[in-house]
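Here's the structure we're looking at; comments come further down.
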Amino acid sequence: MDSNLLELTSENDLKNLVEKNKGSVIFLDFWATWAQPCSQMNEVFTELAGKNSSIKFVKIEAEKFPELSESFEIEAVPAFIVLKNGKIAERINGANAPELTNTVAKYAKVSTFVMDKAVATSEKKTVDLNTRLKELINSSPVMAFIKGTPTQPRCGFSRQLIEIFNENQVKFSSFNILADEEVRQGLKEYSNWPTYPQVYINGELVGGLDIIKELVANGEFKDMVPKEKGLDERLQELTTKGDVMIFIKGSPETPRCGFSKTLVNIFTEKKIKYEYFDILQDEEVRQGLKKFANWPTYPMVFNKGELVGGLDIIKELDSSGELDTTFALKKSN
């Protein structure tokens, strides 16, 4: 287990950890064995710990520590608490891997800066905000930027929007704009829409709550919402989205694991043109693709819808000189 990842065995362990790391950020993962989403989120939590050594991560089985859970007002699992300077800074409720990942990334930047300003300054890659916003907007067919989360909306307009989605059985993803000020301010300019919530369908801005209410009232909304597809159909479309399709952790600009970073570097060096999908943004795709492709690990590479393999296979093709011929005519300019 990573040294910055702790499985809580007593409340004193947490008290001591907080006391010894007063200036640090600590993420708490409240989970339960009987809750299926917890199993998936625990895996995400562990991966994030492995990639962010400047942050402390603590897994807490909620029912083993009822008083502790009550003190943090845990009403359902999974739930994640961010402690900064020993106090609650943020709360993430539910199995929302994208929000957890984005929140960890935000605090990782701060922690790295505090630990070593010089290293952080020299190594930091500035990610173009518009690129990040575009990725967020297109991360789901129906994407809502709200205050809070679907289970705990933090304003009346966001609450009404979630109720409308639920009443109309709309499958959607959301982003908590209260958790990221850069996204909160940047999206207003990007979309030329000054208020929240904001709703996007297939990457296009629909509008705010008033627009959604109008569309529901005149019957247009149901026709605008993409029909829900089965997982196999989604995976088939994703694997054929581009002639060369890679499934990685993170994005090419900010890969979230060493294997994904190495793969991107090889393709960049060889000038191989590709499309990508960030499997950390969709747990259903992440788990389903393993069965669909009969391949247990990431990254995965597909060529014209056919699985080529993972990083080891790409390295072998590169060493043998077959990489160029395998992906012939897929060169970027």
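Using alpha carbons only, the radius of gyration of the range 174-318 set against its Kirkwood radius gives Rg/Rh = 1.05.
Could you calculate, for the range 11-68, the ratio of the Cα radius of gyration to the Kirkwood radius, expressed as Rg to Rh? List each step's numbers first, then the result.
Values: Rg = 12.2 Å, Rh = 12.3 Å.
Looking at the range 11-68, the ratio lands at 0.99.
Computed on the range 129-224, the Cα convex hull volume stands at 86 Å³ per residue. Bridging of K273 to lysines at a Cα separation below 16 Å is possible for K241, K261, K304, K330, K331, once same-chain residues fewer than 8 apart are set aside.
Can I get the semi-axes of the range 232-327's equivalent ellipsoid? Compute them from the C-alpha gyration tensor as square roots of 5 times the eigenvalues, in angstrom, largest first.
Numbers: eigenvalues 79, 43, 28 Å².
Result for the range 232-327: semi-axes of 20, 15, 12 Å.
The value of relative contact order for the chain, using C-alpha pairs under 8 Å at least six residues apart, is 12 percent. Note that the range 187-194 has calculated 3J(HN,Hα) couplings of 5, 4, 6, 4, 8, 6, 9, x Hz, one per residue in order, obtained from phi through the Karplus relation 6.51 cos²θ - 1.76 cosθ + 1.60 (θ = phi - 60°); glycine and proline are x. Per-residue 3J(HN,Hα) values for the range 74-87, derived from phi via the Karplus relation 6.51 cos²θ - 1.76 cosθ + 1.60 with θ = phi - 60°, read 7, 9, 7, 10, x, 9, 10, 10, 9, 9, 10, 6, x, 10 Hz in sequence order (x marks Gly and Pro). Taking amide H as placed 1.01 Å from N in the peptide plane, T149 has its amide H under 5 Å from the amide H of R154, each at least 5 places away in sequence or on another chain.
Geometric descriptor of the chain, per residue, is 159 Å³ (volume of the convex hull of the Cα atoms).
One-quarter of the Cα convex hull surface for the range 169-223, in nm²? Averaging across all directions leaves 4.2 nm² for the Cα convex hull. Of all DSSP bridge pairs formed entirely within the chain, close to 65 percent run antiparallel.
Could you tell me which residue out of I162, S320, L83 lies farthest along the dipole of the chain toward its positive end? Charges go on the beta carbon: Lys and Arg +1, Asp and Glu -1, centred on the Cα centre. Most positive-ward Cα: S320. Each DSSP beta bridge with both residues in the range 232-327 is either parallel or antiparallel, and the antiparallel ones are about 65%. Close amide-amide hydrogen proximity is noted between E253 and no other residue 5 or more places distant or on a separate chain, at a cut-off under 5 Å (H modeled in the peptide plane; Pro and chain starts excluded).
Rank-order 146-156, 23-33 by packing density, defined as the average count of other C-beta atoms within 10 Å over each peptide's residues, highest first.
On the way: 146-156: 17.5, 23-33: 20.6.
Packing proxy ranking, top to bottom: 23-33, 146-156.
Amide hydrogen proximity for S24: with H placed 1.01 Å from N in the peptide plane, the residues at 5 or more positions away or on another chain lying under 5 Å are N85.
Distance distribution note for the range 5-112: the fraction of Cα pairs above 21 angstrom is 26%.
Tell me what the chain gives for mean residue ellipticity at 222 nm when only DSSP H runs of n ≥ 4 count, each as -39,500 (n - 2.57), the sum divided by the residue total, rounded to 500 deg cm²/dmol.
Numbers: 15 runs with 149 residues, N = 333.
Calculated at 222 nm, the ellipticity per residue is -13000 deg cm²/dmol.
Our coupling estimate for the range 153-164, obtained by passing each phi through the Karplus curve with A = 6.51, B = -1.76, C = 1.60 and θ = phi - 60°, is x, 9, 8, x, 5, 5, 4, 5, 4, 4, 4, 5 Hz, Gly and Pro reported as x.
Where a number appears in this text, it was derived from the coordinates with a stated rule and is not lab data. Please read these numbers as outputs of a predicted model, since none were measured by experiment. Cβ: placed from backbone, ideal geometry, glycine included. Neighbour counts: every protein chain shown.
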